[in-house]
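Below is one structure, written out as structure tokens; the observations come after it.
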Amino acid sequence: MLTKLRHSRPAGLARYHLYRDILLARPRRVACNICGWRGRHFLTYLHKHVLCPQCGSQLRHRLLVAALDLPAIASRIRLDGTVLHLSPEYCLGLVFGRRARQYVRADWAAAACDLRQDATRMALGAGVADVLVSCDMLEHIPDDRRALAEFHRVLRPGGTAILTVPQSDSADATLEDASIDTPEARAREYGQPDHARNYGADFGDRVRDAGFDVSVVGASAFEPAVVTRHVLRPPVALRAAWGWNNRRVYFAERR
Ligand SMILES: [Zn+2]
């Protein structure tokens, strides 16, 4: 939606800036911890008031970036090394691109990337990356365990994969059923027509099975005022059975 707004006709663009920079600007209740935009509320995208009108960050991106500053995370992650960003989001590029010695964007289809590749068969040597970033991508991949094995292979020992996936708020176990095989059924059961499953609280186990040590960070790791200011939890929860309100960031360290 943001891209569409940005690249629309000049009149549309002027309207958009009027909305973002004047009408939404005050009072400054919320702030994007990625681009610094401040205003009355974020835009609505799936959830009400979660999308930054300036950099396009969503809740998971701001939660991820907030988590990078937690001492327990910051002390173990080499953001100044080689960072491989899969399905790269513009907003996270602002953070990783600035801090990495080498920042590589990889995607199987997008034009704005440095490497064209399939996450389950990466054309990269073993142990080349210090950090790998994959936000809300694994739920699209039929063989996500194969992708996790690839993440493990391309990271150096001690390297970190930063992972997010849409997860049910209430389910312990991931819902994944071969008979749910049409776009309609997938949208109904998994929340989107192009999702291969809906993860539960057991996502971390799947990551551990691939040979990682896992630390999980959710909104509860932060003061309530920080959660509200940066919108690290949806202001209005979705009631759909598949959930996705309480996001978590998985820091998976290669042993
Ligand atoms: Zn922003």
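The values are calculated or read from the model by the stated rules, or taken from the named source; none is laboratory data. These figures come from a predicted structure and were not determined experimentally. All Cβ positions, even for glycine, are placed from backbone atoms using ideal geometry, and neighbour counts span all protein chains on display. Quick note on the areas: whole protein, heavy atoms, side chains included, nothing else; ligands and nucleic acids left out. Shrake-Rupley method; radii C 1.70, N 1.55, O 1.52, S 1.80 Å.
Does region 8-22 include one or more residues that are among the aliphatic types (A, V, I, L, M), more than 18 Å from Val95 (Cβ to Cβ) and either in contact (Cβ under 8 Å) with a residue 12 or more places away in the chain or open to solvent by less than 10 Å² (accessible area, probe 1.4 Å) (or both)? No, that holds for no residue.
Scanning region 134-161 for residues that are open to solvent by less than 30 Å² (accessible area, probe 1.4 Å), within 14 Å of Gly211 (Cα to Cα) and either modelled with pLDDT under 95 or of a type in the set (A, V, I, L, M) (or both) yields Ala147, Leu148, Val154, Leu155, Ala161.
Mind checking which residues of region 73-101 are in a loop (DSSP other than H, G, I, E, B), under 15 Å from the mean Cα position of the chain (by Cα) and not acidic (Asp, Glu)? Once the filter is applied, which keeps residues that are in a loop (DSSP other than H, G, I, E, B), under 15 Å from the mean Cα position of the chain (by Cα) and not acidic (Asp, Glu), region 73-101 yields Ser87, Pro88.
If a residue has to be of a type in the set (A, V, I, L, M) and assigned to a strand (DSSP E or B) to count, how many in region 126-145 make the cut? Give the steps one after another, and end with the answer.
So in region 126-145, the residues of a type in the set (A, V, I, L, M) come out as 126, 128-129, 131-133, 137-138, 141.
From what is left, the residues that are assigned to a strand (DSSP E or B) are 129, 131-133.
The number of residues fulfilling the criteria is 4.
The set of residues in region 104-147 that are among the β-branched types (Val, Ile, Thr), touching a residue at least 40 places away in the same chain (Cβ under 8 Å) and out of contact with any strand residue (DSSP E or B) (no Cβ under 6 Å at 6 or more places or on another chain) comprises Val128, Ile141. In region 35-69, of all residues being assigned to a loop (DSSP other than H, G, I, E, B), touching a residue at least 60 places away in the same chain (Cβ under 8 Å) and open to solvent by 20 Å² or more (accessible area, probe 1.4 Å), the one that is farthest from the ligand (Cβ to nearest atom) corresponds to Leu46.
Tell me the residue from Val128, Val104 that is over 12 Å from the mean Cα position of the chain (by Cα), open to solvent by less than 40 Å² (accessible area, probe 1.4 Å) and of a type outside the set (Phe, Trp, Tyr), please.
Values: Val128 fails: open to solvent by less than 40 Å² (accessible area, probe 1.4 Å).
Step by step, each of Val128, Val104 is checked, and only Val104 is over 12 Å from the mean Cα position of the chain (by Cα), open to solvent by less than 40 Å² (accessible area, probe 1.4 Å) and of a type outside the set (Phe, Trp, Tyr).
Can you give me the number of residues within region 76-101 that are under 20 Å from His152 (Cα atoms) and open to solvent by 10 Å² or more (accessible area, probe 1.4 Å)? Here the count works out to 9.
Candidates are the residues of region 209-228 that are out of contact with any Lys or Arg (no Cβ under 9 Å at 6 or more places or on another chain) and in contact (Cβ under 8 Å) with a residue 40 or more places away in the chain; the one that is surrounded by the most Cβ atoms within 10 Å (Cβ to Cβ) is Phe222. Of the residues contained in region 232-255, none is found to be without any contact (Cβ under 8 Å) to a residue 40 or more places away in the chain and of a type in the set (Asp, Glu). Note on region 22-34: residues that are out of contact with any strand residue (DSSP E or B) (no Cβ under 9 Å at 6 or more places or on another chain) and within 10 Å of the ligand (Cβ to nearest atom) amount to 2.
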